[in-house]
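Everything below concerns the one structure shown next.
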Amino acid sequence: MPNLKDIKNRIQSVQSTKKITRAMKMVAAAKVKKAENTVKASRPFTRELVNMFEKLLSSVGGQYSTFTLRVDHAIDNYPKLLERREVKNVGLLLITSNKGLAGAYNANLVKKTLKTIKDYQEQGIGVKLFIIGQKGISALTKKAKELGVEIVNTYLNVIDKPNATNSGIVIEDIATLYVNGEIDKIELITTRFKNMVSYFVENWTILPLQNVNTNNKFDGVIESLMEFEPDRHRILQEIVPIYLTNIVYQALLEAQASELASRMTAMSAATTNAEKMLHTLSIEYNKSRQAAITNEIIEVASGANAQLG
């Protein structure tokens, strides 16, 4: 027969856990709504920025000017950043969370990253890692060494409060390697927020640009619709840093909303499981208590019969 004290201690432990998971669910639910609104509000700007950037590139036709080009940072060197070359090394930027208890959120991202690394290595392409979030750092530090992959840089304070400044710092580090020729492709692994209960793990290619025909000038349509002042090359030098920074910023917003949604779902499931466990333990406790009472009654009755006999 189970010990009543042990069962009671388990009930108290599960009750405490239930209070924690319920509180975390409520906190995540409050935050995820705000994060969802931020993501949805930022998407139209990102789409229009990408469209404008692609049109501008097409109007230039792949002829990038280096005349009187002032470069203070790697991200300002747009001719090098837009340069297409044979891919020998890839820079992977992984966005994970700093905290756990978010279901399979971080595990899915790590799994996707490892698969991407192995796919590139099978093609003879080297990989360099940039990791955002403590969970990604913890999960990949050892595995990266085993796979012979260098973790170039890690970031801890970027995902909790996404902003353009932090996004600019991250993309500057990666752009430096791109400009120096140490990597030939920049790829980002993140999640795209869908709704409160689902998200998608995705690979975003940042550079070189995909699906942009720089040899097509739209038969003069762009020239008739757009005027450039002072000139399109200087505008391009201003737009490239904004474009790259915004892509990382949008990815951080999508990742934050996805993480909070995953945590809310996980904590909701944990609370439900705790309630089921409490129900089962209560039944077990009542049965054991009833059995103990019955045994005591039998013992009393047996003692009384023995004295009467």
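Filter region 261-309 down to the residues that are among the aliphatic types (A, V, I, L, M), at pLDDT 85 or above and more than 23 Å from K8 (Cβ to Cβ), then identify the one that is surrounded by the most Cβ atoms within 10 Å (Cβ to Cβ).
Once the filter is applied, the top-ranked residue is A261.
What pairs come out if I take residues in region 267-289 that are part of a helix (DSSP H, G or I) and pair them with residues that are hydroxyl-bearing (S, T, Y) whose C-beta lies under 8 Å away, six or more apart or interchain?
Filtered contacts from region 267-289: M267/T21; A270/T17; A270/T21; T271/T21; A274/T17; A274/T21.
With respect to N153, is the statement that it is more than 21 Å from the chain's Cα centre (by Cα) and of a type in the set (S, T, N, Q) true?
no
Does T165 satisfy being without any contact (Cβ under 8 Å) to a residue 12 or more places away in the chain and not in a loop (DSSP other than H, G, I, E, B)?
Judged against the criteria, T165 is a match.
Among the residues of region 244-253, is there at least one that is more than 30 Å from R85 (Cα to Cα), modelled with pLDDT of 80 or more and not aromatic (F, W, Y)?
yes
Just checking, how many residues over region 81-107 are farther than 14 Å from I132 by Cα, surrounded by fewer than 17 Cβ atoms within 10 Å (Cβ to Cβ) and not small (G, A, S)?
So the count comes out to 7.
Taking the condition of being under 9 Å from I75 (Cα atoms) and among the acidic types (D, E), how many residues in region 174-185 meet it?
Of the residues in that region, 0 qualify.
Residue by residue, here is whether (1) at pLDDT 90 or above; (2) acidic (D, E); (3) on the phi > 0 side of the Ramachandran plot; (4) more than 21 Å from the chain's Cα centre (by Cα) holds:
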residue	(1), (2), (3), (4)
A29	no, no, no, no
K33	no, no, no, no
T38	yes, no, no, no
A41	yes, no, no, no
V50	no, no, no, yes
E54	no, yes, no, yes
G61	no, no, yes, yes
F67	no, no, no, yes
V71	no, no, no, yes
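The values are calculated or read from the model by the stated rules, or taken from the named source; none is laboratory data. What you see is a predicted model; the values in this text were computed from it and never measured. Because the Cβ atoms are built from the backbone with ideal geometry, glycine has one as well, and the counts that use them run over all protein chains shown.
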